[in-house]
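Worksheet: the structure to be examined is printed underneath.
The values are calculated or read from the model by the stated rules, or taken from the named source; none is laboratory data. All of these numbers come straight from a predicted model, not from anything done at the bench. Reconstructed Cβ throughout: ideal geometry from the backbone, glycine too, with neighbour counts over all protein chains shown.
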Amino acid sequence: VLSSSVDGEIAVWDIRQSANQPSLVLKSDDPILSFDISVDKTAIIGGTQLNSEYAAKILMWDMRMAGTPSRVFEDSHSDDVTQIHCNKNSPSQMLSGSTDGLLCTFDLSQPDEDEALQFVANTGASVSKCGYFGPDSQFIFAHSDMETLQLWTNEATRLADFGDVRELGQSDMLIDYIVKCEYDAETQRLYMVAGTNEGSLHIMHVGVESMEHIQTLNGGHTNIVRGFDWKLSEGCALSGCEEGRISWWS
C-alpha cells in the first residue's frame, strides 16, 4: 500500500508486517498532491504543489535505488500537479493533470523533459481528476473543480466537452458534483459517478455524444460522498462520505 501527504512524503507500507511504520519513505521538499507507481513496479512518480519559487514538479524515484528522485520535470506545469497516472498498457507512458488546466502525456523512455513531453491538452479549467480509458488506454477523461467533464485522445484531440455536468441534472436526478470517472474493461465503457449534497449517487454511462443514466443509489449517505470504488463485474461497490460512514452496495 502506498500513501502520500502534504508533508512531502510518499510512504510504502507492507501490510503483511505488523510494524506500525512504513517499509520505505520517499521524501520531497514540496507537498505531494498526487502519485502513481509504474506498471513494472520499478518507479514511483509524484506530483507536487506549486512552491514559493513558482515551480510545480513531477518527481520520479527508482524503487531499486530509493533516495532522492532520479528524475525531475519542472517545466511542463505552472501550477499544482493534481494527477499522475501511469499507462497500464505501456510502461513508458505517463499522464499528468494540473490546476493550470493542462493535461500532459509523456514518453519516459526519452532522456529529458523536453523530449519526453509528447502532447499537451488545454482543458480551460483546473483539472481535479483525470485518467486513461479505452481497451488500449488510448483515451483520456478529465474533470475539473468546476464540475466540467471532457474526453480526449492521448494525442490531445478533444472528443467531447460536456461542460458543467450539474446542468445535466433534472428534477428527479440532481447533480451537485462529480465523485469520479471509472472505466470498466470488461464492458469497455466509461462511467461517471456523480453525487448530491444530501448523499445520493448517480451512475452514468459516458459516451462521446451523450450520457446515459444507469442507476441511482439512495439511503447510504446524508452528506457529500468523497470516495467510490466499484466492482461492476461483481455487482458491488463501496462509498465513503464526509459524515464518516462507509457504505457497501450490492
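Observations on the model:
- Counting only strands (runs of 3 or more DSSP E) wholly contained in the range 143-221, the ones carrying 3 or more residues that are over 16 Å from the mean Cα position of the chain (by Cα) occupy 158-164, 201-206, 211-217.
- Qualifying residues in the range 40-56 (those that are in contact with a Leu (Cβ under 9 Å, 6 or more places away or on another chain) and assigned to a loop (DSSP other than H, G, I, E, B)) - the one nearest to S109 (Cα to Cα): A56
- Any hit, the range 133-140, residues being closer than 18 Å to G195 by Cα and in contact (Cβ under 8 Å) with a residue 12 or more places away in the chain: no
- Test for A11: is it within 25 Å of S98 (Cβ to Cβ), of a type outside the set (D, E), without any contact (Cβ under 8 Å) to a residue 40 or more places away in the chain and touching a Pro at 6+ places or on another chain (Cβ under 6 Å): yes
- In the set (1) surrounded by fewer than 18 Cβ atoms within 10 Å (Cβ to Cβ); (2) of a type outside the set (S, T, Y); (3) within 24 Å of L103 (Cβ to Cβ); (4) more than 17 Å from the chain's Cα centre (by Cα), the condition left unmet by D30 is number (1).
- Among (1) over 19 Å from D112 (Cα atoms); (2) modelled with pLDDT under 95 - the single one L33 does not satisfy: (2)
- Residue that is farthest from G8 (Cα to Cα) [pool: residues in the range 25-39 that are assigned to a strand (DSSP E or B) and of a type in the set (D, E, K, R)]: D36
- Hits in the range 143-159 (condition: hydroxyl-bearing (S, T, Y) and in contact with a Ser or Thr (Cβ under 9 Å, 6 or more places away or on another chain)): S144, T148
- Residue count for the range 69-121, restricted to those that are polar (S, T, N, Q) and over 24 Å from S5 (Cβ atoms): 9
- T216, sole failed condition from (1) of a type in the set (S, T, Y); (2) more than 14 Å from S200 (Cα to Cα); (3) surrounded by 11 or more Cβ atoms within 10 Å (Cβ to Cβ): (2)
- Looking only at the range 149-159, residues that are without any contact (Cβ under 8 Å) to a residue 40 or more places away in the chain and buried (at least 21 other Cβ atoms within 10 Å of the Cβ) come to 1 in all.
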